[in-house]
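Contents: one structure, followed by commentary.
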Amino acid sequence: MNSKCEQIKKQLIDMIDQGIYRIGEQLPSEIHMSKQFQVSRETFRGALKMLEEEGRILVKHGVGTFVIRPLPPIKSTLERLHSSSEMIRSAGLTESESMISLAKLPCPEEAAERLGIVSGTPVYILERIRKANDEPVMLSINYLPVHLFGIGFEQPTFSGSLLQFVESKLGVSVNRADTEICVPLHIDRNCQQLLQYPQTTVLLLKQLHYDEGNRPVFYSLDYMRNDVFTFHLRRTR
């Protein structure tokens with residue numbers, strides 16, 4: 001969406017916040033509003049589309065466009081790709097980590113199938129424990145094809161967000177991910193490393209990350225303590 005649409009959208013939000021247009025009120029016609037903002041109807045319609053997607057207006061075709069009350073934000077929504085660092089910090093916790101291993105190895109079958117490469121193709125396998133307030137809360141196993149990342153993971157070790165590292169240091173953008181949510185068995189050795197308390201449960205997120213061209217760039221197995229991380233998804237019909 002172009003920047004002009006963004007500007008119009010922000011102006012409309014300001015007008016709603018200031019009470020110029022109130023909850024439940026119908027907006028003037030597209031023709032009137034596009035003239036008011038001195039933009040084309042197409043541009044104004046684009047701004048409305050963005051507001052509709054954010055749940056701020058309701059478009060009733062053949063009737064009109066109405067201001068509605070936005071839904072409250074969802075914490076840790078699965079619709080947005082967050083790094084584990086972001087999630088830990090957003091919970092008000094202090095993050096740290098311990099490296100388990102980083103090695104160049106043949107890619108196992110499951111990861112190779114997800115990445116669309118031949119089983120046994122060289123990949124970097126990065127395994128880390130992420131901590132919050134010095135307690136292990138997440139174990140990540142990442143499969144990163146050598147042909148995409150070159151010698152990037154043979155440099156001095158890194159810490160913090162893997163997403164930020166591959167983007168800022170290695171020049172590989174990560175724009176989206178497909179996520180499968182599983183419940184691992186307690187006998188899973190990776191799961192066992194997070195079972196700190198009798199009541200601890202663990203979720204497993206199997207995530208395939210894509211770049212801006214929808215090319216698979218790395219695959220992750222993220223074991224996450226369910227007493228620390230919770231995920232929500234807003235469903236519509």
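Using the Karplus relation 6.51 cos²θ - 1.76 cosθ + 1.60 with θ = phi - 60°, the per-residue 3J(HN,Hα) values for the stretch 199-211 come to 8, 5, 10, 10, 9, 10, 9, 8, 10, 9, 9, 10, 8 Hz, with x marking Gly and Pro. Applied to the stretch 138-153, the Karplus parametrisation 6.51 cos²θ - 1.76 cosθ + 1.60 on θ = phi - 60° returns per-residue 3J(HN,Hα) values of 7, 10, 10, 10, 10, 10, 10, x, 4, 5, 8, 10, x, 9, x, 9 Hz, with x for Gly and Pro. Note: relative contact order over the stretch 179-220, using C-alpha pairs below 8 Å and six or more positions apart, is 37 percent. Net charge in the neighbourhood of residue 3 (other residues with Cβ under 14 Å of its Cβ; Lys, Arg +1, Asp, Glu -1) is +2. Taking a sphere under 13 Å around the Cβ of residue 58 and counting the other residues whose Cβ falls inside, with K and R at +1 and D and E at -1, yields a net charge of 0. When both the stretch 1-30 and the stretch 100-120 are represented by their alpha-carbon centers, they are found 49 Å apart. Residue-wise HN-Hα couplings along the stretch 20-33, as the Karplus relation 6.51 cos²θ - 1.76 cosθ + 1.60 with θ = phi - 60° gives them from phi, are 5, 10, 9, 4, x, 7, 7, 6, x, 5, 4, 4, 4, 6 Hz; Gly and Pro carry x. Taking Lys and Arg as +1 and Asp and Glu as -1, the other residues whose beta-carbon sits under 14 Å from that of residue 219 total -4. Quick check: from the Cα gyration tensor, does the stretch 175-237 come out rounded (a/c under 1.5), prolate or oblate? Taking the square roots of the gyration eigenvalues as a ≥ b ≥ c, the stretch 175-237 is oblate.
Measuring between alpha carbons in the structure, the pairs from 169/206; 4/169; 9/169; 9/206; 9/131; 104/131 lying more than 30 angstrom apart are 4/169; 9/169; 9/206; 9/131. Taking amide H atoms as placed 1.01 Å from N in the peptide plane, the amide H of residue 68 lies under 5 Å from those of 24, 57, 58, each 5 or more residues away in sequence or on another chain.
Would you work out if the stretch 3-67 is rounded, prolate or oblate? Take a ≥ b ≥ c from the square roots of the eigenvalues of the alpha-carbon gyration tensor; rounded if a/c is under 1.5, else prolate when a/b is larger than b/c, oblate otherwise. Rounded, because the longest to shortest axis ratio a/c is under 1.5.
Mind running the shape call on the chain? Use the C-alpha gyration tensor, a ≥ b ≥ c as the square roots of the eigenvalues: rounded below 1.5 for a/c, prolate if a/b tops b/c, oblate otherwise. Cα axes put the chain in the prolate bin.
None of the figures in this text is laboratory data; all of them are computed from the coordinates on show. As the structure is a prediction and not an experimental result, all values here were calculated from the model. Here the Cβ is made from the backbone with ideal geometry for all residues, glycine too, and neighbour counts use every protein chain on show.
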